[in-house]
Each structure stands twice: as C-alpha cells, then as structure tokens.
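Novice: Here's a structure for you.
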Amino acid sequence: MFATLVTQLDDDDRAFMLNLYKNYYNLARKNIFNITHSKDDLEDLIDDVFVKLIEKVSLIRNFECCKLTTYIVCTIRSVSINHLKHQAVEMKHLYYSENTDIVDDCTESGSEFDDRLIHQEDISSLRHAVSLLPQSQKDLLYFKYLLEMSDPEIAETIGISPDSVRQYLTRARRNAKRLMEKEMSSSAE
C-alpha cells in the first residue's frame, strides 16, 4: 500500500517519504514489535504507519528533526495500540461464538443463573466505568489485564519509569471503582 501511494506523490514529497521510510523503518519495526510482541503483522503495521504519515506529508515536511521523530513515534504507538485493540475485539467475538451453547444456558439451576446474571451485570458496569476513564488510564488497564504485560513492559511502551506503573495502575483502578460506585448509587435511586 505504501509503495502504491508513494508513487502517486509529486517528486519532492516522494523523495521526502522514501527518505523518511529509509531513516525510520528500523525505529518503527522495533517499537511496533515492543508493543505488539508479534512478528506476524509487523510488516503490515509498518506499512500502515507510513501510509498514515503520507496522509500528513504536507504537515510533517515542515517539522524539525526532534518534532518529526516524536510525531512518528506517536503514530507508531497509535497504529500498534489500535491493532491490539482490534485483535482483542476479534478474540472476544471468536471466544463467544465458539463457546456459547444455548443448551448449557437452559440447563443451569436458578441460583447458578442468578449468579451468572449478576456477574454479567458487574462486568457490564465495569466496562462502562472503564469507558469513562481518560485514554491513558484505559490503555494502562488494557495493557495490564487484557494483554497481561508486565510492569516493565508497560513502562517501556508508555514511556514512563517502571516504578510509576504501579501508581498509575492504582489510580486507574480507584477511578474505575469510584465510577462504578457512582453508577450503582445513581441507578439505585
């Protein structure tokens, strides 16, 4: 896709993007792998990053070196995180479609069904509370609990010190709990 789009640019933009690709390819490869931990989609994601950069070529041509690098790293992170989120959604749908059996639901006793219903309501409430959190806290919880990343891996991905990860996670969990309690108290009224 990148190769096709770059041929459609004028000569100056094409030269700029090819130079950008040559200079930042290894950085993109390393950062994408550090976030996704997957070699399978690596080249596709690198391609996606540079396609996004082509869309902003008129903007990024005017950036100084440091600002350009920062913009590229942010684009790399964004593409990688979006890829992981998309994979999680696919896995969730795959999980539910393979393991859901209506016969099992009908054969549960009344108390098992009630417990399961309460559990599903709790999960729904938690999902809603997490959706109200700031994006940085959502990402932290996503990395920790869905992707099961270690604190040092999260620190490297987000760009903070490993000691700070625990504090940020504690804040994110407290905020989610506070939002859940607020929602439960408002629905009880």
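The values are calculated or read from the model by the stated rules, or taken from the named source; none is laboratory data. Because the structure is predicted, anything quoted here is derived from the model rather than measured. For neighbour counting, all protein chains shown are included, and Cβ atoms are generated from backbone atoms with ideal geometry for every residue, glycine included.
Novice: Quick check on this structure: which one of Arg166, Arg127 is more than 14 Å from the chain's Cα centre (by Cα) and at pLDDT 85 or above?
Specialist: Working: Arg127 fails: at pLDDT 85 or above.
Residue meeting the stated conditions: Arg166.
Novice: Filter the stretch 134-160 down to the residues that are assigned to a loop (DSSP other than H, G, I, E, B) and within 14 Å of the chain's Cα centre (by Cα), then identify the one that is nearest to Val79 (Cα to Cα). Please lay out each step first, then the result.
Specialist: Taking the stretch 134-160 and keeping what is assigned to a loop (DSSP other than H, G, I, E, B), we get 134, 147-150, 159-160.
From what is left, the residues that are within 14 Å of the chain's Cα centre (by Cα) are 134, 147-149.
Numbers: Pro134: 19, Leu147: 16, Glu148: 19, Met149: 18 Å.
It comes out as Leu147.
Novice: Quick test for you: out of Val89, Val103, Val73, pick the one residue that is assigned to a helix (DSSP H, G or I), surrounded by 14 or more Cβ atoms within 10 Å (Cβ to Cβ) and either modelled with pLDDT under 85 or out of contact with any strand residue (DSSP E or B) (no Cβ under 9 Å at 6 or more places or on another chain) (or both).
Specialist: On the way: Val89 fails: surrounded by 14 or more Cβ atoms within 10 Å (Cβ to Cβ); Val103 fails: surrounded by 14 or more Cβ atoms within 10 Å (Cβ to Cβ).
The match here is Val73.
Novice: So if I check each of Arg29, Arg14, Arg77, which one is outside the structural domain of Ile158 (by TED's automatic domain parsing) and farther than 30 Å from Leu141 by Cα? Don't jump to the end; show me each part of the working.
Specialist: On the way: Arg29 fails: farther than 30 Å from Leu141 by Cα; Arg77 fails: farther than 30 Å from Leu141 by Cα.
Arg14 is the lone residue from the list that is outside the structural domain of Ile158 (by TED's automatic domain parsing) and farther than 30 Å from Leu141 by Cα.
Novice: Report those helices (runs of 4 or more DSSP H) wholly inside the stretch 1-70 carrying at least 1 residues which are more than 30 Å from Ile154 (Cβ to Cβ), modelled with pLDDT under 90 and out of contact with any Phe, Trp or Tyr (no Cβ under 8 Å at 6 or more places or on another chain). Before the answer, list the steps.
Specialist: Details: elements: 2-7, 11-36, 42-55, 57-60.
Per the criteria, 2-7, 11-36, 57-60.
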